[in-house]
Amino acid sequence: MSQRLRSAMLRAQLDTVGLAAAVAVDVKTVHRWLAGRVPHRRTRLAVATVLGESEANLWPQARPDLSAGTPATAEVIGAYAHRADIPHEVWVSLLHSATEQIDILGYAYPFVLELLPDAADHLADKCHRGARMRLAFADPDCAHVAERDDLEQMGGTLPGRIRNALNMLGSLSQAAGCAVGLHTTHLYNSVFRFDKQMIVTPYLVRARGYQHPALHLRELSPHGIFSSYSDQFEQIW
């Protein structure tokens with residue numbers, strides 16, 4: 001791994017003396033780094049800044065959160081037994097704070113449009129300000145919806161719930177930056193992404209949407225849980 005540091009020093013046209021002076025350490029310390037010793041975190045960040053590199057590129061062994069499959073990502077910042085247990089203020093905070101990207105995938109999720117009295121207008125305003133929004137609903141006329149309705153014992157009401165949610169979009173569906181799509185995919189979870197945070201609800205057999213467990217995620221790594229669910233959205237979209 002020390003070869004990465006050596007190469008970065010060459011690109012930056014710095015020798016051991018120059019790097020030592022730039023980050024205020026003894027030149028012997030730089031020699032220890034080149035021999036394989038990993039600096040303390042604060043020093044790693046300083047070296048990375050001076051060399052124009054990332055900490056992860058210079059010392060990947062010091063960033064386990066960027067390794068695939070590691071539990072160190074700490075991307076789960078909240079877990080709930082049921083979606084209904086998520087505090088209302090959490091949903092509202094996510095909706096208010098998103099400024100760049102909102103992606104939602106499910107069958108029907110009218111509750112999102114009921115978080116605020118003017119939720120659809122609020123989301124449309126975000127689009128006008130440059131946010132990208134993609135809303136994926138299930139096609140109410142597809143066979144999968146009928147099967148899901150039967151599985152959740154909804155008595156034939158799911159297609160109507162989807163149409164009602166679509167109707168609640170109002171002018172939001174025509175806002176620049178907002179795309180609405182209908183999927184025909186059997187889902188195993190719903191995804192609610194707001195910039196770098198996400199609520200995911202893994203489905204339970206014969207449970208309805210509000211009864212499913214929920215995970216509140218934040219993106220920390222390109223190899224984490226967040227990325228997996230983000231990729232699923234892209235695949236279905």
Worksheet entry | Search result, residues across region 39-62 that are part of a helix (DSSP H, G or I) and either at positive phi or in contact with a Pro (Cβ under 7 Å, 6 or more places away or on another chain) (or both) | 47
Worksheet item: If a residue has to be of a type in the set (S, T, N, Q) and touching a helix residue (DSSP H, G or I) at 6+ places or on another chain (Cβ under 7 Å) to count, how many in region 40-87 make the cut?
Response: 5
Discussion item. Going by what's in this entry, would residue 25 be described as touching a His at 6+ places or on another chain (Cβ under 8 Å), surrounded by 15 or more Cβ atoms within 10 Å (Cβ to Cβ) and farther than 30 Å from residue 139 by Cα?
Written reply: no
Worksheet item: Which condition does residue 45 not pass, out of (1) closer than 30 Å to residue 159 by Cα; (2) open to solvent by 30 Å² or more (accessible area, probe 1.4 Å), if it passes all the others?
Response: (1)
Fill in: Lone unmet requirement of (1) assigned to a helix (DSSP H, G or I); (2) farther than 17 Å from residue 15 by Cα; (3) modelled with pLDDT of 90 or more for residue 28
(2)
Worksheet item: If residue 56 satisfies every condition in (1) open to solvent by 30 Å² or more (accessible area, probe 1.4 Å); (2) in contact with a Leu (Cβ under 7 Å, 6 or more places away or on another chain) but one, which is the exception?
Response: (1)
Fill in: Only listed residue being over 19 Å from residue 74 (Cβ atoms) and touching a residue at least 12 places away in the same chain (Cβ under 8 Å), chosen from 190, 230
190
Response to the item:
Note on region 30-39: residues surrounded by 14 or more Cβ atoms within 10 Å (Cβ to Cβ) and touching a helix residue (DSSP H, G or I) at 6+ places or on another chain (Cβ under 7 Å) are 30, 33, 34, 38, 39
Practice prompt. Select from region 1-15 the residues that are in contact (Cβ under 8 Å) with a residue 40 or more places away in the chain and open to solvent by less than 100 Å² (accessible area, probe 1.4 Å) and list them in ascending order.
Written response: 4, 5, 8, 9, 12
Fill in: region 188-225: number of residues that are open to solvent by less than 20 Å² (accessible area, probe 1.4 Å) and modelled with pLDDT under 95
3
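The values are calculated or read from the model by the stated rules, or taken from the named source; none is laboratory data. None of these values were measured; they are calculated from a predicted model. Cβ sites come from the backbone with ideal geometry, for glycine too, and all protein chains shown count toward neighbours. Surface areas here come from the heavy atoms of the whole protein model, side chains and all, with no ligands, DNA or RNA. Shrake-Rupley method; radii C 1.70, N 1.55, O 1.52, S 1.80 Å.
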